[in-house]
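Visitor: Please see the structure below; I have some questions.
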Amino acid sequence: MKRLWNGLLLVLAVALLAACAQLPLQQREVVVPLSRLTEALARRLGEDRKFLDVFTLRIGDPQLATDPVAQRLRADFAITLTHPFSSRPLTGRAALSGALGYDAEARNVTLVEPRLDRLDIDAVPPALRDVSSRLASALGRELVGSFPLVSLRDKDLTAYGRNYRVAGFELVEQGVRVTLRAVD
């Protein structure tokens, strides 16, 4: 009798596990850590950029932080601007922030509404700080504004035989959380 009881429990357990395995997930969440975002930003910004055929801008040492309350990603980085007017480059730090947006066609979570929060360049006279801030703000929108934070691939949007779509995303302390919802 005990052997029969154990056998029935085993069959019941296997049936229960099989039933659970057949239940498709309606929603999945993926958290992309800040470290991965920082590495991607460092690769993208690591190239020198030439402006007006005169200035060469180098951006490096990105440091990212999230502001979950304001839902803004903050980026602080070093900048170096070389120019033919002096043998000494201009150096300093800049801080940008932006909100999250989603480009459904490209399947990218991107940084939108970039804003220059701080620009500190050594040796810039006070008279030129306003002009340099406006130039830096425009450059920041161009450089970081179209930066894909998270690129979703086909394998990210399929799991357990189901197709998923982006249902939402948000900044959390650890990085960017993307919520995927089953479509079929």
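Visitor: Since SER133 meets every condition but one in (1) closer than 28 Å to VAL69 by Cβ; (2) at pLDDT 85 or above; (3) hydroxyl-bearing (Ser, Thr, Tyr), which condition does it not meet?
Guide: Of (1) closer than 28 Å to VAL69 by Cβ; (2) at pLDDT 85 or above; (3) hydroxyl-bearing (Ser, Thr, Tyr), only one is false for SER133: (2).
Visitor: Please return the ranges of strands (runs of 3 or more DSSP E) entirely within segment 41-97 where 1 or more residues are within 30 Å of GLU170 (Cα to Cα) and in contact with a helix residue (DSSP H, G or I) (Cβ under 9 Å, 6 or more places away or on another chain). Walk me through how you get there before you give the answer.
Guide: Numbers: elements: 49-51, 55-67, 72-82.
Filter on segment 41-97 gives 55-67, 72-82.
Visitor: Could you grab the pairs with beta carbons closer than 6 Å, sequence gap of 6+ or different chains, first residue in segment 68-92 and under 24 Å from LEU111 (Cα atoms), second one at pLDDT below 90 and among the basic types (Lys, Arg)?
Guide: Short answer, once both residue conditions are applied: THR80/ARG58.
Visitor: Sticking with this one: Just to be sure, is LEU37 modelled with pLDDT of 75 or more, assigned to a helix (DSSP H, G or I) and open to solvent by less than 100 Å² (accessible area, probe 1.4 Å)?
Guide: The answer is yes for LEU37.
Visitor: Further, regarding this structure: Provide a single number: the residues in segment 150-179 that are among the hydroxyl-bearing types (Ser, Thr, Tyr) and at pLDDT below 85. Reasoning before the result, please.
Guide: Step one: list which residues in segment 150-179 are among the hydroxyl-bearing types (Ser, Thr, Tyr), which gives 151, 158, 160, 164, 179.
From what is left, the residues that are at pLDDT below 85 are 151, 158, 160.
The number of residues fulfilling the criteria is 3.
Visitor: Another question, if that's okay. Consider segment 97-121. How many of its residues are open to solvent by less than 40 Å² (accessible area, probe 1.4 Å) and under 15 Å from VAL166 (Cβ atoms)?
Guide: Number of matching residues: 5.
The values are calculated or read from the model by the stated rules, or taken from the named source; none is laboratory data. All of these numbers come straight from a predicted model, not from anything done at the bench. Quick reminder, even Gly has a Cβ in these numbers, built from the backbone with ideal geometry, and neighbours come from all protein chains shown. Areas reflect the complete protein model, heavy atoms only, side chains present, ligands, DNA and RNA absent. Shrake-Rupley method; radii C 1.70, N 1.55, O 1.52, S 1.80 Å.
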